[in-house]
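Below: the structure, in structure tokens.
Please treat every number below as a calculation from the coordinates, not as lab data. The model shown is predicted, which means the values in this text are computed figures rather than measured ones. FYI the Cβ positions are ideal-geometry reconstructions off the backbone, even for glycines, and counts take in every protein chain you see.
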Amino acid sequence: MELLTVTEDTVEQFLPDTPELIWSTGPISYVCHFGTRELFGAIALGFWRAARVSNGDESPVAELEIVEH
């Protein structure tokens, strides 16, 4: 695992993968709460883009496991 400070560059780097990464942690519960995968994806992207302000921290940290293919 690697801890990364979330910056504007980090947000953009991981933006395409964010909804799928979060969805994979509990799709059944997300369907119950959000109804559709598309709605969930839009909300997940919004929160990821707002990560720097949503938790009140100026430099939040994301824990990521980087896998080389």
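Please report I22, I28 as a ranked list, fewest other C-beta atoms within 10 angstrom at the top and most at the bottom.
Lowest count first: I28, I22.
In the neighborhood of L15, defined by Cβ-to-Cβ distances under 12 Å, what is the net charge if each Lys or Arg adds +1 and each Asp or Glu adds -1?
Net local charge, L15 excluded: -4.
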